[in-house]
Amino acid sequence: MSKFKTVNWPKVILFGDSITQFSFQPSGWGADIANKLARWAKIALPRLINNQNSADHRIAAVTVFFGANDCALADKNPQQHIPLKEYLENLKEISKLLAVNGVSADKVIFITPPPIHEAAWEKECILKGCPLNRLNAVAGQYAQACVEAAGQCGADVLDLWTLMQKDGQDYTAYLSDGLHLSEKGNQFVAQHLWELLERRVVDLPFILPYWGDVNAESPESSLLCSE
């Protein structure tokens with residue numbers, strides 16, 4: 001049993017039609033709300049997933065996506081910097097915490113930090129009154145550590161840092177400000193992540209029928225039927 005006390009977090013449910021669905025696009029209101037509700041990762045994880053909760057036994061996949069902030073330079077951004085070795089160990093610890101709470105390694109997908117376009121990010125830093133605090137080569141070291149951690153844990157990994165720079169392609173279009181993902185970058189992640197995610201969810205049952213399959217004359221018969 002986990003030594004951490006499970007917290008039943010208050011839920012924020014965004015319930016609606018396609019306007020709600022697409023609110024998680026770049027700069028969408030749903031994404032902004034989710035960002036404001038984010039919590040410290042490794043500390044919060046044991047309180048968010050618990051093997052005593054029957055719902056958590058039905059988890060099909062978990063993505064673990066860290067590194068873009070952790071790779072901040074220690075002398076330029078000590079508030080966000082996490083030493084490389086500690087970053088690697090944190091990922092392995094997260095995998096162990098998930099396993100203890102019933103989420104096996106075959107359900108876990110690690111995602112490396114994407115590359116950094118230093119010229120664009122430096123402009124953002126200057127606007128904030130600070131010097132360039134991230135380097136693409138350093139982000140690459142953290143990406144490699146993420147790949148290593150995934151291998152040691154038996155998890156899949158989506159190596160964005162390598163994929164976005166494959167064959168010398170111009171990766172700058174994947175970034176909105178040199179660090180964060182642009183719309184094209186989000187689409188890139190979704191495309192490649194789905195390749196890893198699909199086999200984990202392809203056989204999952206639908207909770208509700210597709211809208212086109214609902215009997216418009218008697219929607220209750222479609223939506224309120226028992227499992």
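Rule-based calculations on the coordinates, nothing more; no lab input. Everything numeric here is computed off the predicted structure, so don't read it as measured data. Counting neighbours? That spans all protein chains shown, and the Cβs are built from the backbone with ideal geometry, glycine included.
Note the count of lysine pairs whose C-alpha atoms are less than 13 angstrom apart in segment 29-202, limited to pairs 8 or more residues apart or on different chains. Don't skip to the answer; put the middle values down first.
On the way: 42/92; 42/96; 76/128; 96/107.
Close lysine pairs under the 13 Å cut-off: 4.
Just the Cα atoms of segment 107-227, one point each, no solvent: what log10 I(q)/I(0) does Debye give at q = 0.15 Å⁻¹?
Relative scattering, expressed as log10 I(q)/I(0), comes to -0.77.
Mind jotting down the distance between the C-alpha centroids of segment 156-173 and segment 95-110, whole Å?
25
Find the relative contact order for segment 100-170 and round it to a whole percent, using C-alpha pairs within less than 8 Å whose residues are 6+ positions apart.
Values: 86 pairs, mean separation 32.8, N = 71.
Reported as a whole number, the value is 46 percent.
PRE reach from residue 119 (point 7 Å along Cα→Cβ): which of segment 149-181 fall under 18 Å by backbone N?
Hits in segment 149-181 for residue 119 at 18 Å: 165, 168-180.
So between residue 170 and residue 85, what do we pick up on full extension, going 0.36 nm a residue minus the alpha carbon distance? Display every interim value, and only then the final one.
Numbers: separation 85, 0.36 × 85 = 30.60 nm, distance 2.97 nm.
Full extension of this stretch gives 27.6 nm more.
Rank-order 113-125, 183-195 by packing density, defined as the average count of other C-beta atoms within 10 Å over each peptide's residues, highest first. Mind showing how you got there, number by number?
Numbers: 113-125: 19.3, 183-195: 14.5.
Output ranking for 113-125, 183-195: 113-125, 183-195.
Compute the relative contact order of segment 29-202 as a whole-number percentage, counting only Cα pairs closer than 8 Å that sit 6 or more residues apart in sequence.
Details: 246 pairs, mean separation 39.9, N = 174.
The normalised contact order for segment 29-202 reaches 23 percent.
Where does segment 29-202 land on the Kirkwood hydrodynamic radius, alpha-carbon pairs, in angstrom?
Working: mean 1/r = 0.0586 Å⁻¹.
Hydrodynamic radius (Kirkwood, Cα only) of segment 29-202 equals 17.1 Å.
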